[in-house]
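Heads up: the structure comes next, in C-alpha cells.
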Amino acid sequence: MKVANNLLRPQYLKYKDEYLKKVEEVLDSGWYVLGNEVKAFEEEFATYNNVKYCVGVANGLDALILAFEALNLEEGDEVIAPANTYIASIMGFTRNGLVPKFVEPDEFYNLDISKIEEAIGPKTKAICVVHLYGQIANMEEIMRIAKKHNLYVVEDCAQSHGASLHGKKCGTWGDVGCFSFYPTKNLGGFGDGGAIITNNKDFEEEIRMMRNYGSKKTYYFEKVGFNSRLDELQAGLLRVKLKYLDELTEERRKDAERFIKEINNPKILLPAYQFNREGHVFHLFVIQVEDRDDFMKYCEEREIGLKIHYPQPPHLSDAYRYLGYKENDFPITENQANHIVSLPMYNGMTKEEVDYIIGEMNKY
Ligand SMILES: Cc1ncc(COP(=O)(O)O)c(C=O)c1O
C-alpha cells in the first residue's frame, strides 16, 4: 500500500461544495482585497481564540516580522528562541535587527523551561515561543519567567492552531500570537495566508497599519510599511474551514492516538502529550529512530511517505552563519535533527492507511 506523507486533496473534497460556493461568492462580489471576507474572518478567528483582535496578513513569516516590528525593540536586542524550530520563527525577528539566544528543547520538542533563564542577559527583551509540531509549550512557566524578567512574549502558532492549556488557546498567553495558513497547516488555505492575534490595542493598530503600507487613512502614510494582506478569496475559504477546525483536529488526534497506542517497537521513540489532549493538535507526528537512513530505506520499500522536520537547525544554516555558531553548540537540538522523522499525518488518512503504517512500524 502506498501512503503519502501528506495529502491536501482529501480535506478539500470533504467540503468541496462549500469551498466552491464561497469562491463564486467572492468572485461575484467584485471586491478582492481587504473587504468583508477578511473582516469576517478576523472576527471569527478572534472569537475562536477568545481574544480581542485578529489581523490577517499575507503569510506566517510576515505575521512574525510584523509582530516583532510592533514591539519596537532596538537593533541588537536579544530574543530567546528555540534552537530546534523551523527557520521562519528566527527570521521573524532577525529581519527586525534582533539577535537570537537559542535554547535547547525538552522531550516534547518545545523550549526547555529549565534552560531559559540562563540564556537571559541584559539585552534580552523578548521570548519567541514556538508550539512545535502542534503541541503547546509550557506557557504557565514561560509567562512566569517573562514577567519576572520583564520580557515580551511572541507565540509562533504556525503549527498549533487550536492547541490550548487550561482552556486558554495558544497565541493568547503572550503579547502577540502569529499564525500561518500555508496549505499544509492544520488551518490551511489554498495559497499563502497568515494572521496575528492579540489583546493589545496598540499592537493591533500598529500591525493593521503596517500590513497596508503604513497607512490608516487611504493615501496618507504614517510609516514606511509593508504590503502584507490576506486576500478575500483566502479569507473566505479559511472561514469555511475554520467551522470544521475542531472536527479536523479531533481526526488528527484520533490517528495520532492510534499510532501512540498501537506502535510498540523499542526502536521507535513516539511523541507524547505533555499536558492533556487539548494541548496537542498533531500538526506533525514526529518520531525518533536510531538509524534513520536504515529506517527511511525500510519505509521507502514499503511506500510509506516520510519527511524530516527539520534536518538542519537554524544555527547551522548558511543563513545564520554570521552568528558564528558551530557544530555541537546545541547538542540536544543537533542530536534530534539527526534522528527525527515524520510519519504520515493529514486529514483524510484512511483507517486502512493507519492500520498499514502501524503494522509496518511494528515489524521494523
Ligand atoms: C513554526 C513555523 N513558523 C513560521 C512559519 C512560516 O509560515 P509561512 O510559510 O506562512 O510564512 C512556518 C511554516 O511555514 C512554521 O512552521
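Output yes when any residue across the stretch 157-169 is charged (D, E, K, R), farther than 16 Å from Leu242 by Cβ and within 16 Å of the ligand (Cβ to nearest atom), and no when none is. For the stretch 157-169, residues charged (D, E, K, R), farther than 16 Å from Leu242 by Cβ and within 16 Å of the ligand (Cβ to nearest atom): absent. Of the helices (runs of 4 or more DSSP H) lying entirely inside the stretch 277-364, none contains at least 3 residues that are surrounded by 14 or more Cβ atoms within 10 Å (Cβ to Cβ), in the same structural domain as Gly167 (by the TED database) and at pLDDT below 95. The condition of being assigned by the TED database to the domain that holds Asn212, within 15 Å of the ligand (Cβ to nearest atom) and surrounded by 15 or more Cβ atoms within 10 Å (Cβ to Cβ) holds for Ile87. Could you please tell me which pairs satisfy a Cβ distance under 8 Å, a separation of 6+ or placement on different chains, a first residue in the stretch 76-97 that is free of Cβ contacts under 8 Å to residues at least 40 places away in the same chain, and a second residue that is among the small types (Gly, Ala, Ser) and near the ligand (Cβ under 8 Å from one of its atoms)? No pair meets every condition.
Residues in the stretch 113-152 that are more than 16 Å from the ligand (Cβ to nearest atom), more than 25 Å from Asn200 (Cα to Cα) and within 20 Å of the chain's Cα centre (by Cα): Ile113 alone. Within the bounds of the stretch 173-191, is there any residue that is more than 22 Å from Glu43 (Cβ to Cβ) and more than 16 Å from the ligand (Cβ to nearest atom)? No, there is no match, as no residue in the stretch 173-191 is more than 22 Å from Glu43 (Cβ to Cβ) and more than 16 Å from the ligand (Cβ to nearest atom). In the stretch 10-37, how many residues are more than 14 Å from Ala235 (Cα to Cα) and assigned to a helix (DSSP H, G or I)? Going through the stretch 10-37 one residue at a time, the tally reaches 8.
Among the residues of the stretch 67-74, is there at least one that is assigned to a loop (DSSP other than H, G, I, E, B), at pLDDT 95 or above and touching a Ser or Thr at 6+ places or on another chain (Cβ under 6 Å)? The answer is no, given that none of the residues of the stretch 67-74 is assigned to a loop (DSSP other than H, G, I, E, B), at pLDDT 95 or above and touching a Ser or Thr at 6+ places or on another chain (Cβ under 6 Å).
The values are calculated or read from the model by the stated rules, or taken from the named source; none is laboratory data. Keep in mind that this is a model prediction, so the values were computed, not measured. FYI the Cβ positions are ideal-geometry reconstructions off the backbone, even for glycines, and counts take in every protein chain you see.
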